[in-house]
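Report on the following structure.
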Amino acid sequence: MSSMMQPQIILLKEGTDTSQGRAQVVSNISACTAVADTVRTTLGPRGMDKLIHDDKGTTISNDGATIMRLLDIVHPAAKILVDIAKSQDSEVGDGTTTVVLLAAEFMKEAKPYVEDGVHCHNIIRSYRSAGNMAIERVKELAVSIEGKSLEEKKSLLAKCAATTLSSKLISGEKEFFASMVVDAVLAIGHDDRLNLIGIKKVPGGTMRDSFLVNGVAFKKTFSYAGFEQQPKKFLNPKILLLNIELELKSEKENAEIRLSDPLQYQSIVDAEWNIIYDKLDKCVQSGAKIVLSRLAIGDLATQYFADRDIFCAGRVTEEDLQRLSSATGGTVQTSVNNVIDEILGTCEIFEEKQVGNERFNIFSGCPSGQTATIVLRGGADQFIEEAERSLHDAIMIVRRAVRNSTVVPGGGAIDMEISKHLRLHARSIAGKSQVFVNSFAKALEVIPRQLCDNAGFDATDVLNKLRQKHAADGGANYGVDINTGGIADSFANFVWEPAVVKINAINAATEAACLILSVDETVKNPKSESAQGDAAAMGGRGGGAMRGRGGRGMRRR
């Protein structure tokens, strides 16, 4: 009787929502599958695009990471798929749709076992061992492109870039852009900073009007009167990079000067002019023919430089100034005192060119050469932005291929080969693990199946042919032939991708699937209305207090 009278223990705040157990795992898997269904149709050369309209505008893209980021997913488990897509994008640049599809398929294959009462950790243990075996198999099948001549290497890297671009909006010009991307990546050498490759967008023209500058190019900055009198082309000029203003400025503070004689006023004015002229004289005496500053260069300085056949540009962005510094060998200065030759940069040719409706300042033939700029042309703004995202993926892929010079066949070939390898291994395992490893192997077939579905082919027929080919000797490189609807040797057709892309995708997808399978309870804490009210009240009082003090902190006279 006493046990029935015991009070109920309240552990969580009132209104807290908890859901746990097998139903929660199944619910998480269903949410992740729904997310994967959104990006599923974007995979491969025949993938469809998504149009996402939000308060920032309209985005048309088939880049998995971009779509996942713009979808604004709120389900806590499904957010993990967003994170692995971002991770894949930042680490290797491509394969973002692949990693989401694989993770969702691994969970989808595990779902019936969870519903039948199998403990999730049994599945997780098998998945982790299968994932490690899959990665080892990729490393075995990878082919190195090291030890080739520069021309051969450029050709091989262009094949990797073309494979990436074949699934993008600009696939019609993939050879044109692939060679451009390879030249840009090789131009920056062993420096791994992605910001050394600039991409500038100019609406108008066709894609073929895009071009690569082996150096730095940026849009002409805001210019004052006298700019048109400056020379627009130099050969081997010295370049002075500054981070100071070259213009007369009114006092920012409430400065006050008391004069006893009105004639002294002119001396104050002359002093201001002498300061600016002294700065300009020192710039001219340095021997520089091009003066660039991150801050403003006013109309006085512009006319002064124009009279002395010197080109100047103010308000150059921080990114462009740093790239100029890397390329020309110049050092950004915060003072014009003691400007010596060692801190000046140089380049072979500087010129100002008209590109569409914009004028561009182009610095080519830079001595360090560790930078490049791609100027993109095209019709609509959305098209150019998608082209930029596509080139970003291709640049990342080529960078990875340069550093980790091993490639594997694409078109679903590597996925089918790993699947076959794991099925054979599963036969040698006793117990439940055999079933789970087999499911992992089956999940890998989602890539070639989705490639077929997106191209309008009969996926069952093509997969049967692929299984037959991979079961025979010498069929490891066979994948989906997008052009004919059959199968073909992906390696011989130059459908390549860096091995690191596939390794990273399998690793991230396996980890995400195991993480979501290991969650058996979700706790949602209610938002405290009183806490929000207090914060609003504090914000209101704080705003009033700040407004009351709005001065400079100087004593009023």
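The values are calculated or read from the model by the stated rules, or taken from the named source; none is laboratory data. Nothing here was measured: the structure is a model prediction, and the numbers come from that model. FYI the Cβ positions are ideal-geometry reconstructions off the backbone, even for glycines, and counts take in every protein chain you see. Remember, those area values only see protein heavy atoms, side chains included, never the ligands or the DNA or RNA. Shrake-Rupley method; radii C 1.70, N 1.55, O 1.52, S 1.80 Å.
Taking every residue in region 57-72 that is over 15 Å from Lys86 (Cβ atoms) and pairing it with any residue that is among the small types (Gly, Ala, Ser), at least 6 positions away or on another chain, the pairs with Cβ-Cβ distances below 6 Å are Asn62/Gly47. Against the numbered list (1) under 34 Å from the mean Cα position of the chain (by Cα); (2) basic (Lys, Arg); (3) modelled with pLDDT of 80 or more, Lys524 comes up short only at (3). Checking each residue in region 51-72 for being within 21 Å of Gly95 (Cβ to Cβ) and open to solvent by less than 30 Å² (accessible area, probe 1.4 Å) picks out Ile52, Thr59, Ser61, Asn62, Asp63, Gly64, Ala65, Thr66, Ile67, Met68.
Residue check: Leu424 meets all listed conditions (1) modelled with pLDDT of 90 or more; (2) within 21 Å of Asn62 (Cα to Cα); (3) surrounded by fewer than 20 Cβ atoms within 10 Å (Cβ to Cβ) but one, namely (2).
Just checking, does region 178-192 include any residue being without any contact (Cβ under 8 Å) to a residue 40 or more places away in the chain, assigned to a helix (DSSP H, G or I) and over 30 Å from Arg323 (Cα atoms)? There is no residue in region 178-192 that is without any contact (Cβ under 8 Å) to a residue 40 or more places away in the chain, assigned to a helix (DSSP H, G or I) and over 30 Å from Arg323 (Cα atoms). Residues that are assigned to a loop (DSSP other than H, G, I, E, B) and touching a Pro at 6+ places or on another chain (Cβ under 8 Å) were ranked within region 321-356; the one that is surrounded by the most Cβ atoms within 10 Å (Cβ to Cβ) is Cys347.
Cβ separations smaller than 6 Å between residues 6+ apart or across chains give the following pairs from region 124-150 residues that are assigned to a helix (DSSP H, G or I) to residues that are small (Gly, Ala, Ser): Ser126/Ser433; Val138/Ala499. The single residue among Leu101, Leu70 that is assigned by the TED database to the domain that holds Leu444 and more than 23 Å from Pro409 (Cα to Cα) turns out to be Leu70. Restricting attention to region 20-50, the residues that are open to solvent by 30 Å² or more (accessible area, probe 1.4 Å), assigned to a helix (DSSP H, G or I) and either closer than 20 Å to Glu105 by Cβ or assigned by the TED database to the domain that holds Thr163 (or both) add up to 7. The residues of region 290-313 that are closer than 19 Å to Gly198 by Cβ and assigned to a loop (DSSP other than H, G, I, E, B) amount to a single one, Arg294.
All of (1) in the same structural domain as Ala313 (by the TED database); (2) without any contact (Cβ under 8 Å) to a residue 24 or more places away in the chain; (3) in a loop (DSSP other than H, G, I, E, B) hold for Gly287 with one exception: (2). For region 285-308, taking the residues that are among the hydroxyl-bearing types (Ser, Thr, Tyr) and farther than 13 Å from Leu248 by Cβ, the one that is surrounded by the most Cβ atoms within 10 Å (Cβ to Cβ) is identified as Ser293.
If you filter region 443-491 down to residues that are assigned to a helix (DSSP H, G or I) and in contact with a Ser or Thr (Cβ under 7 Å, 6 or more places away or on another chain), you find that the one that is most open to solvent (accessible area, probe 1.4 Å) is Asn454.
Which of the residues spanning region 213-225 are outside any loop (DSSP other than H, G, I, E, B) and surrounded by fewer than 19 Cβ atoms within 10 Å (Cβ to Cβ)? Passing the criteria: only Lys219.
Residues of region 372-415 being in a helix (DSSP H, G or I), over 18 Å from the mean Cα position of the chain (by Cα) and of a type in the set (Gly, Ala, Ser), which ones? Ala413, the sole residue that qualifies.
Could we say that Ser167 is under 27 Å from Asn454 (Cβ atoms) and surrounded by 17 or more Cβ atoms within 10 Å (Cβ to Cβ) here? Answer is yes for this residue.
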